[in-house]
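For reference, the structure discussed in these notes is given below.
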Amino acid sequence: MKKIYMIFFLSLIILCGCANFEKNSSKSQKEYTRDIFAMDTYMHLKAYGEHADNALGYASEQILSLEKLFSVTEANSDIWTINHAQGTPVTVSDDTISLLEKAIEIGEKSNGALDVTIYPLLTEWGFTTDKQQVPNHEIIAEKLQLVDYRKISISGNTVQLPRDMQLDFGALAKGYTSDCVTDILKKNGVKSALVNLGGNVHAVGSKPDGSLWKVGVQNPFSPSEQVCVLEITDKAVITSGNYERFFTDENGEKYWHILDSSDGYPADNGLVSVTIIGDNGLLCDGLSTTLFVLGTKKAIEYWKNSSDFEMILITDDKKIYYSEGIADSVQFTASYEAEVISRE
């Protein structure tokens with residue numbers, strides 16, 4: 001971006017002096033923003049350039065459109081329709097099919113650590129309502145019979161689930177949405193933008209001055225603070241943690257919303273926070289939940305067998321593991337033991 005304007009500057013000196021350049025340069029660097037409440041979270045979009053304002057308008061419309069497709073509570077959304085079809089086939093949008101196909105792909109690769117049919121269990125725990133509770137063992141065992149992504153049937157744009165099985169896109173929707181938003185911005189000529197969908201961050205290019213974006217990762221033991229700062233360009237940074245949505249029972253026991261589909265209880269495999277960094281928001285969103293469920297050892301193995309993302313794992317004993325691909329772009333601000341992991 002900087003080089004383009006330098007060439008433009010030299011041309012303008014020859015043709016019509018520098019005053020005109022200063023006016024155009026100011027316009028090209030102008031910041032535009034949008035604040036939206038959607039998908040049960042506050043979203044902040046900012047973009048730079050003469051086309052940025054219109055692009056943000058289109059992006060905002062897309063966010064609201066996708067919310068209507070993916071909502072589990074809005075009547076006649078794709079997900080609501082599937083969840084209430086009671087075993088009959090349902091025709092849905094291309095966006096919903098894309099999400100389902102990626103969910104199944106990650107489910108297969110992780111042996112079910114990500115399972116989008118988890119909704120009946122989430123409901124029993126009250127994470128989809130304001131009535132959070134610890135279900136009894138019998139109810140959990142009963143609802144577990146309805147959790148199995150392998151029973152999802154897709155044919156073209158038609159989806160069919162067994163009776164009483166239900167979907168939830170909570171682990172994928174915002175990541176997919178950030179991909180759609182950044183794609184809209186780029187197609188409308190935006191070369192510098194930062195999309196924050198309730199903590200799911202996705203950058204377009206670098207800052208207008210050419211420097212890298214700085215994204216903080218929350219400290220799971222003190223969420224008002226940061227555990228580290230990442231420098232990124234054209235990347236998504238998405239975190240899942242046990243400090244985001246949780247409740248405590250009368251005995252002070254903590255229960256969080258990331259459930260393990262193998263037993264129906266909150267995933268408690270040693271991790272308290274997983275941050276995924278990559279080019280694709282949908283993948284990052286899905287993997288942040290997946291690796292949290294897998295736990296430290298299996299998460300590291302998963303990363304070693306992949307090549308399309310980097311990660312930061314924080315364990316319940318306050319140890320940090322981070323992948324070698326981000327070693328030069330992360331600065332830790334918390335005094336926890338940190339270990340870089342490599343594929344060797």
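The values are calculated or read from the model by the stated rules, or taken from the named source; none is laboratory data. This structure is a prediction, so every number in the text was calculated from the model and none was measured. Neighbour counts run over all protein chains shown; Cβ positions are idealised from the backbone, glycine included.
Before moving on, here are some points about what is shown:
- Within segment 307-335, if we keep just the residues that are over 19 Å from the mean Cα position of the chain (by Cα) and modelled with pLDDT under 95, the residue that is farthest from residue 270 (Cα to Cα) turns out to be 333.
- Candidate set: segment 226-250, residues that are acidic (Asp, Glu) and modelled with pLDDT of 95 or more; chosen: the one surrounded by the fewest Cβ atoms within 10 Å (Cβ to Cβ): 234
- Any hit, segment 173-183, residues being in contact with a Gly (Cβ under 7 Å, 6 or more places away or on another chain), in contact (Cβ under 8 Å) with a residue 12 or more places away in the chain and of a type in the set (S, T, N, Q): yes
- Set side by side, the residues 253, 301 differ, and just one is outside the structural domain of residue 141 (by TED's automatic domain parsing), under 22 Å from residue 222 (Cβ atoms) and either of a type outside the set (Phe, Trp, Tyr) or in contact (Cβ under 8 Å) with a residue 12 or more places away in the chain (or both), which is 253.
- For segment 186-215, a tally of residues being in contact (Cβ under 8 Å) with a residue 24 or more places away in the chain and either among the aromatic types (Phe, Trp, Tyr) or in a strand (DSSP E or B) (or both) returns 10.
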